[in-house]
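Written out below as structure tokens is the structure these notes cover.
Every read-out reported here was derived from the displayed coordinates using simple, explicitly stated rules and does not represent laboratory data. Being a predicted model, the structure only gives us computed values, none of them experimental. We place every Cβ from the backbone using ideal geometry, glycine too, and count neighbours over all the protein chains shown.
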Amino acid sequence: MAQNKNILKHNGLDVFLTSVQEKDIPALTLIYGESFLVKQAFKTLSSFLLGNDNSKFALETLEGGAVSMGDIIEQVSTFSLLVSKKIVAVKNAPLFQTNQSGSDICFSLSDLDHLNDFIGKGIPKNHYLILTTTLIDKRKKIYKAIADKGLIIDCSVAQGARKADQDEQRAVLQNVAGQILSKSKKTINNQAFHALVDMTGFNLDLLFQNLEKLIAYSGKAMMISIEDVKAVVKRDKKDPIFNLTNAFIAKDVKNTLFYLNSLFNEGFHPLQILKSFENLIRKLILVKCFTQKFYENNNLKVTRKTSLKNMNFNSFQQVVLPKVIHHDEQLKIIIEDRDKYISNQDSKTKANKANDLFLAPNPKNAYPVFQIFQKSENFSLKELNQALIFLGDLDYRLKSSSFDAKIAIENFIINTCSKGGFVYAEENKNHRHRF
């Protein structure tokens, strides 16, 4: 299938703008994907469109979820007395989301039809509408309308733990770092760059902040060294834990062991690492119990087609998420009733202590929920139960004896992520807590 000429990857925007004139840019643009890259693409495009015009009067920014479709169209259609050009930017436009919160505006089908009609009639000359969002659904009519009449800039970056995904992330990090450093006429050697990435993970905002510090710290030196990185940059300790558990639920043994070694080198205590695995396994067990009931209640035989592992995000939001939210609402009622019974008083403030029992503590941010549901399909409920029993025994042993905890956790990772599955409790029933 031929690539739609109106759809660009973020790293092709600069080349595209050098090959066209302002009059060739469509009046409607959708920018989606990684937030840092979205902001960067928006800045590049809006600067090109405005040229020498005063952006203070020509650019109007609206916040998606807090403005109606009618207001957006009215703003785009209204002419300015001060400038000849006008850009209306809608940040985080809820074009593809379902309504999860009564406090936010979520565009209805009628709203999207209204926008589609407005696009069809044509946006006023020298007026531009730029929409930004995190996620899209290419099957939606509004996406196809924008792809046909406007410009789409794809700023998405693969988030998986596969080698191809990791290579794409590293390429983006190198490209962003190169752009930031070139403005100061500085470079960074390979050793320093690898150390910087290892400390920050795939976090473009954090990378930008650290490079700004390194540029200032390196002074007149043209190249940033490993010594500069060690002196200035501190590891974000949240990222390695996330990378560890993310690689684990993908059953990526190589990367899980790599991140485990990184944590030990950084001085993490074995019990900290063990706790992160325990929390993850408990969460996966809750998800697996829910999905089993979901399959049973919907009379679904688990096949490659019906598996949640092969369900896209939009289908998950429409089919599964409402049932997840209902499950959490019922659970909240049970917890509150239990607390009232125990304390014989209103215990709303105590209900928050059970947040780890909810499948979607923040249903407004549905994508992380979708991801853990998909990744849970990599494990059977039996494997997860075996893993939790092992972790309980390992916790007991860590607190009561001296041994090489790193090797024990490495064995846990290899056994749990192996194709044969994890078998522990039955084989060790006569040696529990003593190994």
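For the reader, a short list of remarks on this structure follows.
- In the range 7-155, the C-alpha radius of gyration followed by the widest Cα-Cα span (Dmax) gives 14.5, 45 angstrom.
- Just so you know, the Cα atoms of the range 117-175 work out to an Rg and Dmax of 15.9, 46 Å.
- Over the Cα atoms of the range 1-49, the radius of gyration divided by the Kirkwood radius equals 0.94; this is the Rg/Rh ratio.
- A straight chain from residue 333 to residue 81 at 0.36 nm per residue would run longer than the Cα-Cα distance by 85.1 nm.
- Three principal axis lengths of the range 127-269 [C-alpha, angstrom, descending]: 51, 43, 21
- With the highest mean first, a sort of the peptides 179-186, 367-374 on other beta-carbon atoms found within 10 angstrom per residue produces 367-374, 179-186.
- Volume of the convex hull of the range 254-417 (Cα atoms only), normalised per residue: 158 Å³.
- Bridging of residue 39 to aspartates and glutamates at a Cα separation below 17 Å is possible for 14, 60, 63, 154, 205, once same-chain residues fewer than 8 apart are set aside.
- Every Cα-Cα pair in the range 163-236 was counted, and those over 22 Å apart are 13% of them.
- Counted by neighbouring Cβ atoms within 10 Å, the residues 24, 111 run from fewest to most as 24, 111.
- Pairs exceeding a 31 Å alpha-carbon distance, out of 288/340; 43/323; 254/275; 125/183; 183/254: 43/323; 125/183; 183/254.
- Backbone geometry of the range 403-416 corresponds, through the Karplus equation with coefficients 6.51, -1.76 and 1.60 at θ = phi - 60°, to 3J(HN,Hα) couplings of 6, 7, 5, 4, 5, 5, 6, 4, 4, 4, 4, 5, 5, 5 Hz, x marking Gly and Pro.
- Entries in 23/85; 9/186; 283/382 that, when Cα-Cα distance is taken, lie over 23 Å: 9/186
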